[in-house]
1. What are the residues in region 5-57 that are part of a helix (DSSP H, G or I) and touching a Gly at 6+ places or on another chain (Cβ under 8 Å), if any?
2. Which of the residues that make up region 110-124 are exposed (fewer than 11 other Cβ atoms within 10 Å of the Cβ), farther than 27 Å from Leu87 by Cα and acidic (Asp, Glu)?
3. Could you look through region 82-124, keep only residues that are part of a loop (DSSP other than H, G, I, E, B) and hydroxyl-bearing (Ser, Thr, Tyr), and pick out the one that is farthest from Leu54 (Cα to Cα)?
4. List pairs: first residue in region 49-68 and closer than 18 Å to Glu79 by Cβ and free of Cβ contacts under 8 Å to residues at least 60 places away in the same chain, second residue assigned to a helix (DSSP H, G or I) and of a type in the set (D, E, K, R) anywhere in the structure, Cβ distance under 6 angstrom, at least six positions apart or on different chains.
5. Glu79 - would you say it is farther than 30 Å from Val116 by Cβ and part of a helix (DSSP H, G or I)?
6. Sort through Arg55, Arg65 and tell me the only one that's outside the structural domain of Pro6 (by TED's automatic domain parsing), out of contact with any helix residue (DSSP H, G or I) (no Cβ under 9 Å at 6 or more places or on another chain) and farther than 27 Å from Val116 by Cα.
7. Between a first residue in region 83-95 that is surrounded by 12 or more Cβ atoms within 10 Å (Cβ to Cβ) and a second residue that is modelled with pLDDT of 80 or more and of a type outside the set (D, E, K, R), which pairs have beta carbons less than 6 Å apart while being 6 or more apart in sequence or on different chains?
Amino acid sequence: MVHKQPNVCPVCGGEMVIRELECPTCNVTIRGSFETCSFSALTPEQLEMVRIFLRSRGNIKEVERELGISYPTVRARLEEIVRALGLKPTTEVPKEFRDELLAKLETGEIDADEFVRRLDEAAS
């Protein structure tokens with residue numbers, strides 16, 4: 001029986017390391033210390049969402065249609081997956097930075113075009 005690769009130790013919560021790989025075809029075994037795949041941290045439901053998202057080439061409308069869920073729900077699930085993978089969303093700009101830019105815009109220190117440019121730079 002093949003089990004899903006655990007990413008976290010069920011005893012202490014530490015990160016798991018793979019020590020052995022085996023080929024079931026020729027019975028070759030390789031021992032060492034291998035990193036786990038970050039996708040192993042995803043639930044089966046999240047992995048299915050990733051498959052659907054990729055199959056639809058990132059078209060959220062298609063994901064909505066296939067799963068029968070709303071746009072906000074698709075976005076929320078994608079955000080959960082991003083967090084589970086330990087990624088920082090590219091659209092996440094620190095509140096302090098955004099507030100600082102807004103203050104500069106209000107005082108006329110920067111114009112709207114400059115505000116948008118700096119916000120885009122910070123998000124990428």
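1. Residues satisfying the conditions are Ser38, Ala41.
2. Correct list: Asp113 only.
3. Checked region 82-124; the qualifying residue farthest from Leu54 (Cα to Cα) is Ser124.
4. Correct list of pairs: Met49/Arg77; Ile52/Glu66; Ser56/Glu62.
5. The answer is no for Glu79.
6. After ruling out the rest, the residue left standing is Arg65.
7. Pairs that qualify, where the first residue is surrounded by 12 or more Cβ atoms within 10 Å (Cβ to Cβ) and the partner is modelled with pLDDT of 80 or more and of a type outside the set (D, E, K, R), are Ala84/Ala41; Ala84/Leu42; Leu85/Ser38.
The values are calculated or read from the model by the stated rules, or taken from the named source; none is laboratory data. What you see is a predicted model, and the numbers here were worked out from it, not measured in a lab. Because the Cβ atoms are built from the backbone with ideal geometry, glycine has one as well, and the counts that use them run over all protein chains shown.
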